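Okay, handing you the structure first.
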């Protein structure tokens with residue numbers, strides 16, 4: 001059983017290096033429509049997490065052999081779940097929303113402001129639309 005776990009750890013390390021160095025993010029994450037992605041940052045984040053995952057799986061197997069004299073798959077599954085969750089949660093940092101041309105509308109009750117206030121509000125709306 002330990003040979004299988006060590007092999008899985010080594011495969012995870014190789015996939016991590018491939019994702020990180022060759023920026024092959026598409027083998028793990030698919031691009032969402034309407035969003036830009038920082039591919040370099042995402043590739044490094046995912047690649048390093050896969051490398052850590054593989055390293056800790058191998059380290060877990062070695063520690064189990066030394067201390068327990070047997071291996072339990074539950075430790076490997078736990079490590080993979082923890083790092084997969086960490087990888088997925090952190091991947092959202094690398095998504096950039098594309099700007100849309102939608103106009104923001106601000107509702108203001110009629111009669112609650114003067115003409116001067118109305119001009120100031122119109123200027124704010126125009127500046128917000130220019131930023132978007």
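A short reminder: the numbers here are calculations on the coordinates, not readings from a lab. Being a predicted model, the structure only gives us computed values, none of them experimental. When we count neighbours, we look across all protein chains shown, and the Cβ atoms used for this are built from the backbone with ideal geometry, even at glycine.
For region 2-97, compute Rg over Rh where Rg is the Cα radius of gyration and Rh is the Kirkwood radius from the inverse mean 1/r over Cα pairs.
Values: Rg = 15.0 Å, Rh = 14.0 Å.
Here Rg/Rh amounts to 1.07.
Can I ask one more? Subtracting the Cα-Cα distance from 0.36 nm times the residue separation, let me have the gained length for residue 17 to residue 88 in nm, one decimal.
Numbers: separation 71, 0.36 × 71 = 25.56 nm, distance 1.77 nm.
Full-extension gain reported as 23.8 nm.
Arranged by the count of other C-beta atoms within 10 angstrom, fewest first, what order do 76, 38 take? Don't skip to the answer; put the middle values down first.
Details: 76 22, 38 14.
Sorted ascending by nearby Cβ count, the order is 38, 76.
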